[in-house]
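Here the structure is laid out as structure tokens; the discussion comes afterwards.
Every number in this text was worked out from the coordinates using simple rules, so none of it is lab data. Just so you know, these numbers come straight off a predicted model, no measurement behind them. Ideal geometry is used to build each Cβ from the backbone, glycine not excepted, and the neighbour counts take in all protein chains shown.
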Amino acid sequence: MEEAVSQVRHRREPWNKGKLIGQKAPFKLKEVWAIRVWLQLEHRTRELALFDLGLDSKLRACNLVKLRVRDICHGDRIAPRAIVMQQKTSRPVQFEITEQTRTAVADWMKLRNLHSEDYLFPSRVHKSLHLGTRQYARIVNGWVKHIGLDPCAYGTHSMRRTKVTLIYRKTKNLRAVQLLLGHSKLESTVRYLGIEVDDALEIAEDTDI
């Protein structure tokens, strides 16, 4: 009996105890700029390149951390567009690399002296060749905390959702968002954006009672 009680006491707690579970919120435009300006002022060259490219590419963490220089460069120049094969779906996805992002990434590549075959974000841990997804998550967590947001509500998926959410709110073009995310089904894009919930909240906000 005592042994059974002891086992219950030492049973591992659920990993999600006390945490908010569900889709991570996208960053608002003002939050994007708050993070970006802070990284610029602090001269965090690697993090600025990671932040800007993460937003532009809309890639999952597992794909973003494994990018090589050759994936986004044509010769010595960073391309305005790139195509990457997604690890999860084995489907290619294309994304634009804005001038702002190209500048940030070029500064990082120059600082680190990166070449075509190098990983774009080498790990600082000797056992790993490139930045790990957990390392990336910790970095994003630091950004979130710095601008005063709840770390439980934001994460690496916030990076993936931010730009497409802004695009959808501006254009209402679901097909474009589907292509940008590399989804095979439009229904997946609808669920991903949480459109029905967002539309309901907008209606509620506009209703004067």
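Legend: residue pairs Lys28/Lys172; Lys24/Lys88; Lys66/Lys185; Lys58/Lys172, Cα-Cα distance threshold 22 Å; pairs beyond threshold, Lys66/Lys185. Sorting Lys28, Lys172 by the number of Cβ atoms found within 10 Å of their own Cβ, with the fewest placed first, yields Lys172, Lys28. Under 16 Å of direct C-alpha separation, and excluding same-chain neighbours fewer than eight residues apart, Lys30 reaches these lysines: Lys145, Lys163, Lys170.
Can you give me the relative contact order of the stretch 29-201 as a percent, contacts being Cα pairs under 8 Å and 6 or more apart? Kindly include the intermediate steps, with their values, before the conclusion.
Working: 201 pairs, mean separation 42.1, N = 173.
Value for the stretch 29-201: 24 percent.
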